1. Based solely on C-alpha atoms, express the radius of gyration and the Dmax of the range B:26-215 in angstrom.
2. So the label point sits 7 Å from Cα along the Cα-to-Cβ vector; using that for A:SER47, what distances do you get to the other copies, in nanometres, sorted shortest first?
3. Between B:GLU137 and B:GLN56, how many nm apart are label points set 7 Å from Cα along the C-beta direction?
4. 7 Å along Cα→Cβ for the label point: how many nanometres lie between A:GLU78 and each equivalent label in the other copies, listed shortest first?
5. Once label points are set 7 Å from the Cα along Cα→Cβ at both B:ALA197 and A:TYR64, what is their separation, rounded to one decimal in nm?
6. First compute the accessible area of the range B:99-220 with a 1.4 Å probe, then give the percent of it belonging to carbon and sulfur atoms.
7. If you bin every alpha carbon distance in the protein assembly as shown into 20 Å steps from zero, what whole percent lands in each bin?
8. What are the residues whose amide H is under 5 Å from the amide H of A:ASN165, where those residues sit 5 or more places off or on another chain and H is modelled from the backbone?
There are 2 protein chains.
Amino acid sequence: MPGTRLPARRTRTRGAGRPSGDEGDLRARLLDVAAARFSRTGIEATSLRAIADEAQVTPAMLHYYFGDKARFTEALIEERLLPALAPLREHLAAAGDEPRALMEAFARAVAEIVRRNPWLPPLWVREVLCEGGTLRELMFSRIVPSLPQLLAQRFAAAQARGRLNPRLDPRLLVVSLVGLTLFPAAGAPIWRRAFGAEELGPDVLLNHTLALLDHGVGAG
Amino acid sequence: MPGTRLPARRTRTRGAGRPSGDEGDLRARLLDVAAARFSRTGIEATSLRAIADEAQVTPAMLHYYFGDKARFTEALIEERLLPALAPLREHLAAAGDEPRALMEAFARAVAEIVRRNPWLPPLWVREVLCEGGTLRELMFSRIVPSLPQLLAQRFAAAQARGRLNPRLDPRLLVVSLVGLTLFPAAGAPIWRRAFGAEELGPDVLLNHTLALLDHGVGAG
DNA sequence: TGCGCCAAATTAATGGATGAATTAATTTAC
DNA sequence: GTAAATTAATTCATCCATTAATTTGGCGCA
């Protein structure tokens, strides 16, 4: 019946052949699909089947390219999660020593990361932040050992110079900073729905966060 | 072989009998075990088997008391999650109209909730905040419709009276407040490990959050 | 230029493990 | 003796992993 709309691929009955090249590397596509899917459903609760279906291939392709699920998630970390987080280090390295500049660099970096990788916040929150998360141990050995401490140390130095509210703990300030940036991003759908507001986009959030950090809630 | 240490229960070979009464209601125990377990592993990724094992009973007991997994999680919401969140409404109702008092009431309520229900923050973050979370829709119909808007409205009223930093958005302030309280609690293990600090308990966090909200980060 | 082969890519089919849900049997308190 | 509570066992579905089969693009070679 010509003219009926068939699913884009999947016309051959058996076997396939060399790279079809019709939409680039399948390996990369699988990683992209997995990032989005894992973000929505969680890693353990997501079947490879679901990923394969969404990528319009057979589950066997995941085995072909990655081996098993563990190595698949490892590849996801190495080739998607860690690169996505790279801007954070860069922005922080470029920022000066003033707490305000540091925080703004952090918030802007997170905003940029979220804009480019919408799947990241929920995945991070679910799999790294929460105990028992699949990515937790792997992330510990790659991110955590350096970034938070470094940032806390810079805050502490600024505090020693009298440039930071002495009632604050530099380490908790880092935690608060993450909470003020990643948390709203991870839960964006719920806030939008709760408040029925679409205008609360990343830019508004960024300005709001900076305003809060600048002067607190007082009417100054 | 007398003297060998056997697992507390599980000595009969088949069948059991009336309520053993040795440690209270099994139904309640199952809910408690599930709250802790779901919090660690996530709802979809946790098998009923694991819960039954931890409660030292057969998986069939879950069917006996609750029917299926869906109704089991429903019961968990009704009998554990919602009651645990009750102090929030009470604290907020008792607080006055000043933003500072509202925020302090919120932060104190969350601290109390977390202290009494350590399993709550990760469960909330994973299953409610994240898209695709199992508890999401159920929570929407019970919590969200009222609490966030009400709080935001009170902040807006205070802002109209000039008692709130005009650069802030009342709704985003609610989001920030949740991020500053629940997020650090949900990720406590990771922060402890990242900073090697055990002294960053709930009280310290509470004071820190209030200090941050009061004056921002400036050295004022 | 054309022909056949080879290897990469992909699929269908299968095996083994695990989980949810249910049922029949059994124990024990009252 | 009876009914509630609990267990063992079973059924059906799903998932991860693997393998054998199959297609097809490209390359050497004439």
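The values are calculated or read from the model by the stated rules, or taken from the named source; none is laboratory data. Computed from a predicted model, the values in this text were never measured in an experiment. FYI the Cβ positions are ideal-geometry reconstructions off the backbone, even for glycines, and counts take in every protein chain you see. Ligands, DNA and RNA are stripped out before the accessible areas are found, and what is left, the full protein with its side chains, is counted by its heavy atoms. Shrake-Rupley method; radii C 1.70, N 1.55, O 1.52, S 1.80 Å.
1. Using the Cα atoms of the range B:26-215, the pair Rg, Dmax is 18.3, 60 Å.
2. 1.6
3. The modelled label-to-label distance comes out at 3.8 nm.
4. 5.0
5. Here the answer is 5.1 nm between the modelled labels.
6. Summing carbon and sulfur atoms, their accessible area is 55 percent of the total for the range B:99-220.
7. Answer for the protein assembly as shown: a P(r) of 23, 51, 23, 3 percent.
8. B:GLY218, B:ALA219
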